[in-house]
Amino acid sequence: MSTTAKYPKFFRFIHWITFILIVLLFISGLGMEDYPFNEENFFRYKRHALMGVSVLFLTLIRIAYKYKNKDHFPPDIKYYSPLHEKLVKGIHSLMYILMILAPMVGFYAIYQTGALAYDFGGPFPTGAELNHDLLEIHEFLVFTLGALILMHIAGVIMYKIKNGENLIQRMI
């Protein structure tokens, strides 16, 4: 493993763009509950879906980049115990999984309505409704991802307090 102090610039860029998109997605998703799924509000749903698909693709790029360039990454942090190492790696892995699954489920919820044809000049489907079960799964995945992100942030802060090492510097 390299002794590089920071993650590569490209990886840091993807990390922060993804974070910003997730914050915007969370805010827009909360606001969308006030808007029915119809032709008038379709742009809101489409914008939300495009940001979500962007998170999906950025995550896949990030995974591939990390795999291909792992020798250029900083060494692992000093874990307190094997349990701490499993917790940190587990949270990271789950975040990646949810950054893939949540957009896929959300996009499928819109796709299955048939409304995407509306973008290509077709009429908006009569009575198009989002599948309630898919929305609940999507919301569960998103809120779980949000909880994991908060745990990730709390872990970085706790590591700074306990060890004095500012892990944020590795990602800035």
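Let me know the charge dipole size of segment 9-171 about its Cα centre in debye, to the nearest 20, where only the beta-carbon of Lys, Arg (+1) and Asp, Glu (-1) is charged.
So the magnitude is around 1180 debye.
Please name which of Tyr79, Ala109, Met158 has its Cα lying farthest along the dipole of the chain towards the positive end, using unit charges on Cβ (Lys, Arg +1; Asp, Glu -1) and the Cα centre as origin. Farthest towards the positive end: Tyr79. What residue among Leu98, Leu130, Leu56 has the largest mean-square fluctuation in a Gaussian network model of the chain, using Cα springs under 10 Å? Of the options given, Leu130 has the highest mean-square fluctuation. On the beta carbon distance between Tyr118 and Ile61, with R0 = 30 Å, the FRET formula returns roughly 0.55.
Take each peptide in 117-123, 84-90, 57-63, count the other Cβ atoms within 10 Å of every residue, and average; sorted highest first, the result is 57-63, 84-90, 117-123. Which angle between 0 and 90 degrees, to the nearest 10, do you get for helix 42-68 versus the longest principal axis of the chain when only C-alpha atoms count? Helix 42-68 and the main axis of the chain meet at about 30 degrees. Look at the dipole of segment 34-151 built from charges on Cβ: of Met95, Asn69, Gly127, the Cα furthest out on the positive end belongs to Asn69. For segment 103-117, putting each phi into the Karplus relation 6.51 cos²θ - 1.76 cosθ + 1.60 with θ = phi - 60° gives couplings of x, 5, 5, x, 5, 4, 4, 6, 4, 5, 6, x, 6, 5, 5 Hz, in residue order, rounded to whole numbers and with x for Gly and Pro. Between the beta carbons of Asp71 and Leu50, assuming R0 = 30 Å, the FRET efficiency works out to 0.30 to the nearest 0.05. Here Lys86 is the anchor, and the lysines within straight C-alpha reach of less than 24 Å, apart from those fewer than 8 places off in the same chain, are Lys6, Lys66, Lys68, Lys70, Lys78, Lys160, Lys162.
Rule-based calculations on the coordinates, nothing more; no lab input. These numbers come from a predicted model, not from an experiment. As a convention, Cβ positions derive from the backbone with ideal geometry for all residues, glycine included, and neighbour counts pool all protein chains shown.
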